[in-house]
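Down below is the structure, laid out as structure tokens.
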Amino acid sequence: MKVLIAGGGIAGPAAGIALARAGIGSEIYEAYPREAGGAGAFLTLTANGQEALRAIGAAGPVLDASFPATRLRLFDPRGTMTGDFPLGQDRPCSRTITRAGLSAVLRREAAARGVPVRYGKRLTSAEAGPDGQVTAIFDDGTRVVGDLLIGADGIHSPVRALIDPAAPAPRFIGLVIACGYAPGAQDAAGAEGYSMYYGSRAFFGCTAGPDGRTWWFARIPADEAAAAAMTASGDPDLVARSFDGDSTPAAAVIRATPGPLSVTSARDIAHLPAWSDRGMIVIGDAAHPVSPRTTQGASLAIEDAAVLAECLRDDPSPGAAFAAFERRRREQVESVVRSGGGDENPAPRARPAGGSQAESAGRGADGTIRSVRD
């Protein structure tokens, strides 16, 4: 079997690693050139994502490239601490890493397992032949034939549209997500974990990075026009205004950050009717983009990769494997998408040390991630 993977971000390399562990060959096709990117945004890998990494044999390198959060401090708009909780007492604590860093580690691990990564290959179309094989067509004219095509190509997935041209588009969920790295300002972040500031108009979180900077993110409720303005400008002052008037360090930390910032409009898909068709399937954000407030996007993508590899190992018939994958994943991931709804800035409250509501919602007996071996 030869599997074609569109997308070299997180889900794609994870799928290549998982498939190699299951004895299945694959190739990854990444739209951007090798040198594209930068630090960009950062993310957290929760316990379930780390479990999935262990299942595909890639946990060590990712853990080495990330850092843990062992405490969670909560503050109200006046800057008063309302909670201080240890993390990781009954399950692994979250790990923080840049999105670009995680992608790079996973691509290296895929290459080490004999999975080539082809850069500058933007998928434009795909054709399913009468023999069941799939031909992937790229914008440079390259045509590649495989036994199936995995769309790990993100929130604006071309493969999703090929599977179902009527598939719902990602919906704007009323949030702007900003991210940056401020020099110093460690008092705002505290030590050994995250400080979360529930502002009067927006939410701010930060942690002390291993590079001596404060790694921070902000979630700002906004309409589409305001979201477009912040996204287009990346202006720290424009983002910081949502925290002016609060007695927290959020506005100062944001304004101390060199711009332009990484700013995006948060989007999700509550229900994608078709995940697969004619030898093609979508995973990760291509299938179920989720609100960043769940902290589950990367972890769900790695879980998808592990489970799909298991399903193809157990039954290499694409139709049967895809159906088994969907039975194991759909209910769980859609519950996580739903958990990302609701008010952005609820009153601070105690949280269990063992993990978030979204993390618990994403797991279940039928979806347990096992070690993927041939």
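Filter the range 106-127 down to the residues that are under 23 Å from SER276 (Cβ atoms) and free of Cβ contacts under 8 Å to residues at least 12 places away in the same chain and list them by number.
Passing the criteria: only GLU127.
In this structure, is THR80 hydroxyl-bearing (Ser, Thr, Tyr) and in contact (Cβ under 8 Å) with a residue 60 or more places away in the chain?
On the way: hydroxyl-bearing (Ser, Thr, Tyr): yes; in contact (Cβ under 8 Å) with a residue 60 or more places away in the chain: no.
No: the conditions fail for THR80.
Quick one: in the range 160-182, of everything that is touching a helix residue (DSSP H, G or I) at 6+ places or on another chain (Cβ under 6 Å) and hydrophobic (A, V, I, L, M, F, W, C), which residue is surrounded by the fewest Cβ atoms within 10 Å (Cβ to Cβ)?
The initial filter retains those residues of the range 160-182 that are touching a helix residue (DSSP H, G or I) at 6+ places or on another chain (Cβ under 6 Å), namely 160, 167, 172, 176-178, 182.
Keeping just the survivors that are hydrophobic (A, V, I, L, M, F, W, C) gives 167, 172, 176-178, 182.
Details: ALA167: 18, PHE172: 16, VAL176: 25, ILE177: 20, ALA178: 27, ALA182: 23.
The qualifying residue surrounded by the fewest Cβ atoms within 10 Å (Cβ to Cβ) is PHE172.
Per-residue answers, yes or no, for (1) at pLDDT below 95; (2) small (Gly, Ala, Ser); (3) out of contact with any strand residue (DSSP E or B) (no Cβ under 8 Å at 6 or more places or on another chain); (4) buried (at least 17 other Cβ atoms within 10 Å of the Cβ):
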site	(1), (2), (3), (4)
SER276	no, yes, no, yes
VAL333	no, no, yes, yes
ALA350	yes, yes, no, no
GLY355	yes, yes, yes, yes
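Could you identify the single residue in ASP246, ASP285 that is modelled with pLDDT of 95 or more, acidic (Asp, Glu), surrounded by fewer than 23 Cβ atoms within 10 Å (Cβ to Cβ) and in contact with a Ser or Thr (Cβ under 9 Å, 6 or more places away or on another chain)? Break it down stepwise before answering.
Working: ASP285 fails: surrounded by fewer than 23 Cβ atoms within 10 Å (Cβ to Cβ).
Being modelled with pLDDT of 95 or more, acidic (Asp, Glu), surrounded by fewer than 23 Cβ atoms within 10 Å (Cβ to Cβ) and in contact with a Ser or Thr (Cβ under 9 Å, 6 or more places away or on another chain) holds for just one of ASP246, ASP285, which is ASP246.
Looking only at residues in the range 1-33 that are assigned to a helix (DSSP H, G or I) and among the aliphatic types (A, V, I, L, M), which one is surrounded by the most Cβ atoms within 10 Å (Cβ to Cβ)? Reasoning before the result, please.
Pass one, the range 1-33, residues assigned to a helix (DSSP H, G or I): 11-21.
Subset that is among the aliphatic types (A, V, I, L, M): 11, 14-15, 17-20.
Details: ALA11: 32, ALA14: 35, ALA15: 32, ILE17: 28, ALA18: 31, LEU19: 26, ALA20: 22.
Ranking the candidates gives ALA14 first.
Is it fair to say LEU4 is under 20 Å from the mean Cα position of the chain (by Cα) and among the aliphatic types (A, V, I, L, M)? Working first, answer last.
Details: under 20 Å from the mean Cα position of the chain (by Cα): no; among the aliphatic types (A, V, I, L, M): yes.
Criteria not met by LEU4.
Since SER247 meets every condition but one in (1) part of a helix (DSSP H, G or I); (2) out of contact with any strand residue (DSSP E or B) (no Cβ under 8 Å at 6 or more places or on another chain), which condition does it not meet?
SER247 satisfies all of (1) part of a helix (DSSP H, G or I); (2) out of contact with any strand residue (DSSP E or B) (no Cβ under 8 Å at 6 or more places or on another chain) except (1).
Which one is nearest to ILE10 (Cα to Cα), of the residues in the range 97-111 that are basic (Lys, Arg) and more than 14 Å from the chain's Cα centre (by Cα)?
First, pick out the residues of the range 97-111 that are basic (Lys, Arg): 99, 107-108.
Subset that is more than 14 Å from the chain's Cα centre (by Cα): 107-108.
Values: ARG107: 8, ARG108: 12 Å.
Here the answer is ARG107.
Would you point out which residue out of ALA167, ALA178, ALA110 is at pLDDT 95 or above and in a strand (DSSP E or B)?
Working: ALA167 fails: in a strand (DSSP E or B); ALA110 fails: in a strand (DSSP E or B).
Of ALA167, ALA178, ALA110, the one residue that is at pLDDT 95 or above and in a strand (DSSP E or B) is ALA178.
Among the numbered criteria (1) under 26 Å from MET280 (Cα atoms); (2) at pLDDT below 95, which one does PHE85 miss?
Evaluating PHE85 over (1) under 26 Å from MET280 (Cα atoms); (2) at pLDDT below 95 leaves (1) as the failure.
The values are calculated or read from the model by the stated rules, or taken from the named source; none is laboratory data. Owing to the predicted nature of the structure, the values given are computational and were not obtained by experimental measurement. Here Cβ is always computed from backbone atoms with ideal geometry, including for glycine, and neighbour counts include all displayed protein chains.
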